Every structure is written in structure tokens, then in C-alpha cells.
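A quick write-up on the structure given underneath.
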Amino acid sequence: PGTPAPPPQPGVLTVLGDARGALLGGLHPWSHYRLHVVVFNGRGEGPPSAEITFDTPEGGETPATPE
């Protein structure tokens with residue numbers, strides 16, 4: 001057997017203020033994810049949102065509904 005893969009590292013997705021949404025790429029099927037939303041503006045970074053968790057489906061094609 002090979003060496004296990006290292007745990008995933010946190011990523012950052014920057015979305016412009018006038019955006020109505022964003023798509024997260026590079027997700028793996030049958031996986032569990034956690035994310036926080038943080039707002040950043042000219043006054044600095046705000047507090048993170050409550051944690052949002054979701055699972056990707058088998059094929060990764062259908063958007064998951066946040067819990």
C-alpha cells in the first residue's frame with residue numbers, strides 16, 4: 001500500500017462584491033466539506049459566518065443543499 005494522501009488544505013475563493021453567487025471547483029465526489037464566508041472591504045476583514053457544511057453526491061454533478 002502507498003502512503004495516505006495528506007489532509008486537504010484550506011482554500012480561498014475571492015468573489016467580487018457585486019456577485020450573486022460563486023461555484024466551488026475541484027470538489028471530489030462522495031466527500032464532506034465545511035466552509036465559512038468572510039467579508040473583506042476597505043475597513044478590513046469581518047468575522048467569519050457560521051460554518052456551512054455540505055456533501056458532494058456520487059458524480060459531483062448535482063449541487064448539494066447546504067445544511
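List of remarks:
Here's the yes/no breakdown for (1) modelled with pLDDT under 85; (2) open to solvent by less than 70 Å² (accessible area, probe 1.4 Å):
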| site | (1), (2) |
| --- | --- |
| 4 | yes, no |
| 30 | no, no |
| 35 | no, yes |
| 58 | yes, no |
| 65 | yes, no |
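- Enumeration of residues in segment 37-49 that are open to solvent by 80 Å² or more (accessible area, probe 1.4 Å) and assigned to a loop (DSSP other than H, G, I, E, B): 39, 42, 43, 47, 48
The values are calculated or read from the model by the stated rules, or taken from the named source; none is laboratory data. Just so we're clear, the structure is a prediction, and the values are computed from it rather than from any experiment. We work out accessible area using only protein heavy atoms, side chains counted, and drop any ligands, DNA or RNA first. Shrake-Rupley method; radii C 1.70, N 1.55, O 1.52, S 1.80 Å.
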